[in-house]
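Visitor: Here's a structure for you.
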Amino acid sequence: MCRDRVLDKLTSHGHPSINMSHGVVLRNMDVEGTPLSIVTKRAGLSRQAVAKVAGQLEALGYLTASRDPTDRRAKILKLSSKGMGLFADSIEAYGEFEDELARNIGRRRLEQFRTTLQMISQENRRDR
């Protein structure tokens with residue numbers, strides 16, 4: 001439900017090739033650029049999986065991958081201007097979905113749900 005609405009919204013904003021696996025990589029990047037190894041750790045995925053998705057995003061023009069000047073073996077992933085547009089459109093799409101959800105279940109319940117999800121996420125990170 002949420003996924004489909006967000007992806008539909010992104011498609012209508014000119015991002016028809018974006019899928020959920022792309023989102024896993026993008027949401028684990030910092031705006032100023034992030035080493036591939038950090039994205040891998042944050043996402044909880046293999047280096048190969050993140051590198052594959054990053055390659056797709058680079059081919060679509062959403063990010064650039066360059067060598068780390070301090071470690072030539074490492075790659076730095078950075079959002080392109082198109083990627084920054086996608087980032088802004090994603091925030092808007094998720095915001096609209098949250099507003100609709102808040103209208104349906106109430107803002108208080110939505111906040112409780114968000115708090116519960118954050119607790120689960122923190123627990124899962126500790127288990128890794």
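What follows draws every value from the coordinates through simple rules; no lab data is involved. Values in this document were obtained by computation on a predicted structure and should not be read as measured data. Positions of Cβ are generated from backbone atoms using ideal geometry, with glycine treated the same way; all protein chains shown enter the neighbour counts.
Visitor: Among GLU123, GLU58, which comes first, then next, by fewest other beta-carbon atoms within 10 Å?
Guide: If I rank by nearby Cβ atoms, fewest first, I get GLU123, GLU58.
Visitor: What are the semi-axes of the equivalent ellipsoid of segment 57-128, taken as the square roots of 5 times the eigenvalues of the Cα gyration tensor, listed largest first and rounded to whole Å?
Guide: 34, 21, 7
Visitor: A further question follows. In nm, what is the difference between 0.36 nm times the number of residues separating LYS78 and SER12 and their Cα-Cα distance?
Guide: Full-extension gain reported as 21.4 nm.
Visitor: Divide, for the chain, the radius of gyration over alpha carbons by 2.2 N^0.38 Å, where N is the residue count.
Guide: The reported ratio for this selection is 1.16.
Visitor: With charges only on Cβ, +1 for K and R and -1 for D and E, what is the dipole size of segment 2-127 about its Cα centre, in debye, rounded to 20?
Guide: About 440 debye.
Visitor: Short version: ³J(HN,Hα) in whole Hz for each residue of segment 18-34, in order, from phi by Karplus 6.51 cos²θ - 1.76 cosθ + 1.60 (θ = phi - 60°), x for Gly and Pro, what are they?
Guide: 6, 10, 5, 5, 5, x, 4, 6, 4, 6, 9, 9, 8, 4, 7, x, 9
Visitor: Let me ask another. Take each of the peptides 33-42, 7-16, 98-107, average the number of other beta-carbon atoms within 10 Å over its residues, and list them starting from the highest.
Guide: 33-42, 7-16, 98-107
Visitor: Another question, then. Which one, TYR94, THR70, GLN56, is farthest towards the positive end of the dipole of the chain when Lys and Arg carry +1 and Asp and Glu -1 on their Cβ?
Guide: THR70
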